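Notes follow the structure.
The values are calculated or read from the model by the stated rules, or taken from the named source; none is laboratory data. The shown structure was predicted, so the numbers you read here are calculated from the model rather than taken from an experiment. Here the Cβ positions follow ideal geometry from the backbone for every residue, glycine too, while neighbour counts run over all protein chains shown. To get the accessible areas, we keep the full protein, side chains included, count just its heavy atoms, and leave off ligands, DNA and RNA. Shrake-Rupley method; radii C 1.70, N 1.55, O 1.52, S 1.80 Å.
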Amino acid sequence: MAGNTFGHLLRLTTWGESHGPAIGGVVDGVPPLIPLGEADIQPWLDRRRPGQSRFTTQRQEPDRVRILSGTFEGKTTGTPIALQIDNVDARSKDYSDIMDRFRPGHADYTYWVKYGIRDYRGGGRSSARETAMRVAGGAVARKVLDHLVPGGVRIRGALIQVGSLRIDRKRWDWDEVARNPFFAPDAGIVERWSSYLDGVRKAGSSCGAVIEMVAENVPAGLGQPVFDKLDGDIARAMMSITAVKGVEIGAGFGAAELSGETNADEMRMKDGKMTFLGNNAGGVLGGISSGQDIVVRFAVKPTSSILSPRRTVTIDGRDTEIVTKGRHDPCVGIRAVPVGEAMLALVLADHLLRQRAQCGP
């Protein structure tokens, strides 16, 4: 099965299924002599781990990562870094009723029509379970960025919309993100989201979400025009995440409503350095990083696994209905925050290594 490797000089290959014995990945291209241990990866996985609140799937996975290769005496060796996470709480029997039926909104039909076979146990390879290894790979990418960029690159994400309920951007507080189960930067929205999602969950339904990420202290000059633009690779990375249906950078779709005068990020000299007076471009100009903050948003569709009966068809072509049982996120966008951060880290680390290879440190 092709399409399981992401990146050029820094490459992440993932493997495993939702209800298999384990999931894993290989990170290749990491420079040697970077301090790295399991303790550097685990905190990021803990942020994505399921079952931490009533608003996410109650599947209880500890997501303990093991480094199988690529390090010696606490440092990277320059060889492939193999990572593994055991699956300990899969309940395949929850899916026995749908083994011959396609779930609307899922990849069941497309996997079956492409390969002639599908793993109906939680979606197999198409399950969001796969994203745990992206987070692990992203943790390694963060170490690369911290090692090669003076002061490190800070990547943070937040949930800014659940269903139609948006945060108040005037109350944005990054410290608040770690204080609530939604990764919300607005303390005032938490109670409203809680009430709303309780209703969604009790109704057996689901809702979508929007996530915003910001990367600070990104060096200027990253990006490979014309076809490997930095923003193009960022968009591809986000679109590769399960359930993501839209991506925007900087002003994004809002730029269509701006005038040329408003949208252009004017420049001035300050203390002997060139500065920008705005960041509608989201930190990328002509596919190359400008040195400003990278600003990215992506939209996640409602979880397709719901309790409401939906019309579908069987593998042998009969019309029927389906109800998806099991343990599912009423809003999968909540746990997408650390996944988006990880993918952004992988893109930036890859392009940093590509820039150094072509143009030097």
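Structure notes:
- Filter result for residue 221 (at pLDDT 95 or above and over 20 Å from residue 155 (Cβ atoms)): no
- Selection status of residue 96, modelled with pLDDT under 80, more than 17 Å from residue 303 (Cα to Cα) and either among the β-branched types (Val, Ile, Thr) or surrounded by fewer than 17 Cβ atoms within 10 Å (Cβ to Cβ) (or both): yes
- Checklist (1) out of contact with any strand residue (DSSP E or B) (no Cβ under 7 Å at 6 or more places or on another chain); (2) surrounded by 17 or more Cβ atoms within 10 Å (Cβ to Cβ) applied to residue 263, failing item: (2)
Rundown of residues vs (1) under 25 Å from residue 209 (Cα atoms); (2) open to solvent by 20 Å² or more (accessible area, probe 1.4 Å); (3) within 21 Å of the chain's Cα centre (by Cα), yes/no style:
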{"residue": "303", "(1), (2), (3)": "yes, yes, yes"}
{"residue": "311", "(1), (2), (3)": "yes, yes, no"}
{"residue": "322", "(1), (2), (3)": "yes, no, no"}
{"residue": "325", "(1), (2), (3)": "yes, yes, no"}
{"residue": "337", "(1), (2), (3)": "yes, no, yes"}
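- Test: residue 190 is open to solvent by 20 Å² or more (accessible area, probe 1.4 Å) and either within 14 Å of residue 344 (Cβ to Cβ) or in a loop (DSSP other than H, G, I, E, B) (or both): no
- Those residues of region 137-175 which are surrounded by fewer than 21 Cβ atoms within 10 Å (Cβ to Cβ), part of a loop (DSSP other than H, G, I, E, B) and within 18 Å of the chain's Cα centre (by Cα), in sequence order: none
- Scanning region 268-281 for residues that are surrounded by 12 or more Cβ atoms within 10 Å (Cβ to Cβ) and in contact with a strand residue (DSSP E or B) (Cβ under 9 Å, 6 or more places away or on another chain) returns 275, 276, 279, 281.
- Qualifying residue in region 94-109 (condition: in contact with a helix residue (DSSP H, G or I) (Cβ under 7 Å, 6 or more places away or on another chain) and part of a helix (DSSP H, G or I)): no
- Residues in region 1-31 that are aliphatic (A, V, I, L, M) and open to solvent by 60 Å² or more (accessible area, probe 1.4 Å): 1, 2, 9.
- Taken over region 223-251, the criterion of being of a type in the set (A, V, I, L, M) and more than 22 Å from residue 135 (Cβ to Cβ) is satisfied by 226, 251.
- Condition broken by residue 245, with the remaining ones in (1) open to solvent by less than 30 Å² (accessible area, probe 1.4 Å); (2) within 16 Å of the chain's Cα centre (by Cα); (3) closer than 24 Å to residue 324 by Cα satisfied: (1)
- In region 341-361, residue most open to solvent (accessible area, probe 1.4 Å) [restricted to those that are small (Gly, Ala, Ser) and out of contact with any helix residue (DSSP H, G or I) (no Cβ under 6 Å at 6 or more places or on another chain)]: 357
- Single unsatisfied condition, residue 247 versus (1) without any contact (Cβ under 8 Å) to a residue 12 or more places away in the chain; (2) within 27 Å of residue 353 (Cα to Cα): (1)
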